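Heads up, the thing below is written out as structure tokens.
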Amino acid sequence: MDSPLTSYTKTVDKNFQDWVFGKQAGTTKFNAEQMEWLRMLKEQIATGFHVTTDDLDYTPFNAQGGLGKMYELFGGEMNAIIAELNEALVA
């Protein structure tokens, strides 16, 4: 009961940082464009608590190429990344 309260947004930011560092410490290396998309996904989770592939048809994703662009950037890992972010960032 003595621990300080932390805003949801700050929790998501910290969890995102930990998730990215963990991924990059292994064999996965994200390029600048992929990182931009990951940050947009993080913001969607911070404001909407969850992200799905359907969200990629709406702002801000549609202005950047939507679902097709995300698939181009992440390929077959796209759905796994979305699932991992949904789980890791809200914990």
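Every number in this text was worked out from the coordinates using simple rules, so none of it is lab data. Note that the structure is a prediction, hence the values are computed from the model and not measured. Positions of Cβ are generated from backbone atoms using ideal geometry, with glycine treated the same way; all protein chains shown enter the neighbour counts.
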With an 8 Å cut-off on Cα pairs and a minimum separation of 6 or more residues, tell me the relative contact order of the chain in percent.
41 percent
³J(HN,Hα) computed for each position of the range 39-51 - Karplus, 6.51 cos²θ - 1.76 cosθ + 1.60, integer Hz, glycine/proline x:
5, 5, 4, 4, 5, 4, 5, 5, 9, x, 6, 6, 9
Using helices alone, I'd like the mean residue ellipticity at 222 nm for the chain: each DSSP H run of four-plus residues gives -39500 (n - 2.57), total over residue count, nearest 500.
-20500 deg cm²/dmol
Cα-centred dipole magnitude for the chain, charges only on beta-carbon of K, R (+1) and D, E (-1), debye, nearest 20:
240 debye
In this structure, the FRET efficiency calculated for residue 59 and residue 29 from their beta-carbon separation, with R0 = 35 Å, to the nearest 0.05, is 0.80
Considering the zone a paramagnetic label at residue 87 would reach in this model (a point 7 Å from Cα along the Cα-to-Cβ line), which residues of the range 57-78 have amide N under 20 Å from it?
74-78
Options [x] 17.8; [y] 13.6; [z] 13.3 for Kirkwood radius over Cα pairs in Å; the value derived from the coordinates is listed as [y]
